[in-house]
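The values are calculated or read from the model by the stated rules, or taken from the named source; none is laboratory data. Only a predicted model underlies this, so the values are computations on that prediction, with no experimental measurement involved. Counting neighbours? That spans all protein chains shown, and the Cβs are built from the backbone with ideal geometry, glycine included. For accessibility, only protein heavy atoms count, side chains too; no ligands or nucleic acids. Shrake-Rupley method; radii C 1.70, N 1.55, O 1.52, S 1.80 Å.
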Amino acid sequence: MTDHFIARPAAVLRGSIRVPGDKSISHRSIMLGAIADGTTQIEGFLEGADAISTMNVFRALGVAIDGPFDGRVSVTGVGLNGLKQAASDLDCGNSGTSMRLLSGLLAGQAFDSCLVGDESLSRRPMKRVTDPLAAMGASIASQDGRPPLRISAPGKPLKAIDYVMPIASAQVKSSLMLAGLYAEGTTRVTEPAPTRDHTERMLTAFGVTVEVNGPVISLQGGQRLTATQIDVPADISSAAFFLVAGAIARDADLLIRHVGINPTRTGVIDILRLMGADLTLENSRIVGGEPVADLRIRSSELRGIDVPPELVPLAIDEFPVLFVAAACARGRTVVTGAEELRVKESDRIAVMTEGLARLGIGVTPTPDGIIIEGRGEQQAVFSGGEVDSHGDHRPAMAFAVASLRAAGPITIRDTVNVGTSFPNFVELATTVGIGLEKHA
């Protein structure tokens, strides 16, 4: 058996922890720092494989980066037009964020690039970014809309466009904004629903004027970035595993410190509260332009809900573990409008359906969501057994959380990619009382 977890039932969870830095903000801090004038200092950087992939790409493009050292990184920017052609393909590893945002940033450069990724990333759809980039004048060749992406120098400057996104996606929005820095005119992107706005906030921190008018984000091309200091808050997507763990454990009181509570990311908090979670925010503050708070979660009696459609884009990465919460609730939970889950690192609807069914949960997948029959009245909600994460880090961690209410141990297969977003997950989980073992 390859890398796997064995998770054993536990009842008591206690502790005060800080989860790793926000992955989305870590990616963007490297990207914007690289094309800024001056040296950007970063604290709290996520030292996971995905963010390191972004860092290594910019090193290959001629950017001097020191670190990471305990979350501290120093990026010596080369300015808006200072990137150099890489000597070889640019490897994004498992990171869709890296590839999609880089495709926009590299589309306007005066040199050719080729973005490649691992087996999982090579199956993920890229037309959602390459099509609008092509409308701006970018030249990007792909394998039937999938990586590798071969980006050719456009020959003439990109042209700004007005783009109405068919699907809410922060990655597409961010890619077009980065391309817009290199375009003639004002690039406008209209969102069908709010998505995370870290790119807009961070561009502003680097001195770029970004106009936000309801769902329309506008950016004038040619603006230069000025280096700044960035304090990366803890990632709410990583905190979500411990929020659900605390809610479903029979005797829990957990404090998760310094968590980013950007309003475009707090769907998981809103959904858990609608389900009846005893979840409070303490010590709310603003750090580096991003709202931050300490999150306290205690044992809760959860109830099944119809998840409001407007919250779905605000919790899209947290649904694997929210499905575990739904299984531990009393009554039925219905999720719709979440078709984006089918094109993540895995088809997360299919992977979670398969695993939850193996653990004895009544679950029905739909094209754009899932229906889960909660068993919250049972002490042991899940049977023990073996599940497969299909190489996807979030289902792997979600099934580890499920062990808290299991009748016996759960073996979770194919867990090596947990390191892409949460390198010390096992260590933190065991610190608060989750019975988790890692096996190579």
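Some notes on this structure:
- Segment Ala153-Glu339, extension gain: residue separation times 0.36 nm, minus the distance between their alpha carbons: 63.6 nm
- When both the stretch 71-90 and the stretch 314-379 are represented by their alpha-carbon centers, they are found 40 Å apart.
- For the chain, with +1 on Lys and Arg beta carbons and -1 on Asp and Glu, the positive-most of Met202, Val321, His258 along the dipole: Met202
- The stretch 309-375 - percent of accessible surface contributed by carbon and sulfur, probe 1.4 Å: 54
- Counting only heavy atoms of the protein chains and using a 1.4 Å probe, Thr39 has close to 70 Å² of accessible surface.
- Arg59 paired with Thr204, simple spin-label distance in nm, labels 7 Å along Cα-to-beta-carbon: 3.4
- Take every Cα pair under 8 Å whose residues are at least 6 apart in sequence, average their separation, divide by the length of the chain, and the relative contact order is 20 percent.
- Approximate spin-label separation Leu80-Leu281, in nm, with each point projected 7 Å along Cα-to-Cβ: 3.5
- Normalised per residue, the volume of the convex hull around the Cα set of the stretch 168-235 (Å³): 84
- Derived value for the stretch 9-143: Kirkwood hydrodynamic radius 16.0 Å. Basis is the mean of 1/r over every pair of different alpha-carbon atoms.
- For Lys438, solvent-accessible area (1.4 Å; no DNA, RNA or ligand), Å²: 140
- Placing unit charges on each Cβ (+1 for Lys and Arg, -1 for Asp and Glu) gives the chain a dipole about its Cα centre, and among Thr187, Ala407, Ile305 the Cα reaching farthest toward its positive end belongs to Thr187.
- Fraction of beta bridges assigned by DSSP in the chain that are antiparallel (%, nearest 5): 70
- Here the translational diffusion coefficient of the stretch 264-421 follows from Stokes-Einstein with Rh set to the Kirkwood radius across Cα pairs; for 10 °C and 1.306 mPa s it amounts to 100 µm²/s.
- Added length on full extension, which subtracts the Cα-Cα distance from 0.36 nm per residue, Asp306 to Ala110: 65.6 nm
- Positive-end extreme of charge dipole, the stretch 280-396 - chosen from Ile372, Phe382, Val292 (charges on Cβ): Phe382
- Once the Cα-Cα distance is subtracted from the 0.36 nm per residue extended length, the Thr186 to Thr226 segment shows a gain of 12.4 nm.
- Within the assembled protein chains, the solvent-accessible surface assigned to Arg332 is about 130 Å², based on a 1.4 Å probe.
- Angle between the chain longest axis and helix 96-107 axis [Cα atoms, degrees, rounded to 10]: 10
- For the stretch 153-292, convex hull volume per residue from C-alpha positions, Å³: 131
- Accessible area ranking (1.4 Å probe, heavy atoms, ligands and nucleic acids excluded), largest first, for Glu282, Glu200: Glu282, Glu200.
- Distance from the alpha carbon centroid of the stretch 108-177 to that of the stretch 258-278 works out to 32 angstrom.
- Ser383 paired with Thr366, simple spin-label distance in nm, labels 7 Å along Cα-to-beta-carbon: 2.7
- Per-q log10 I(q)/I(0), the chain, q = 0.08, 0.11 Å⁻¹ (Debye; single scatterer per alpha-carbon; no solvent): -0.42, -0.81
- Net charge over other residues, Cβ less than 10 angstrom from the Cβ of Ser26 (K, R count +1; D, E count -1): -2
- Lys-Lys pairs in the chain that are eight or more residues apart or on separate chains and whose Cα atoms lie under 26 Å of each other come to 17.
- Computed per residue of the chain from DSSP H runs no shorter than four, each worth -39500 (n - 2.57), the mean residue ellipticity at 222 nm is -8500 deg cm²/dmol.
- Prolate/oblate/rounded call for the stretch 50-99, Cα gyration tensor, a/c under 1.5 rounded: oblate
- Taking every protein chain into account, the accessible area of the chain amounts to 35 square angstrom per residue (probe 1.4 Å).
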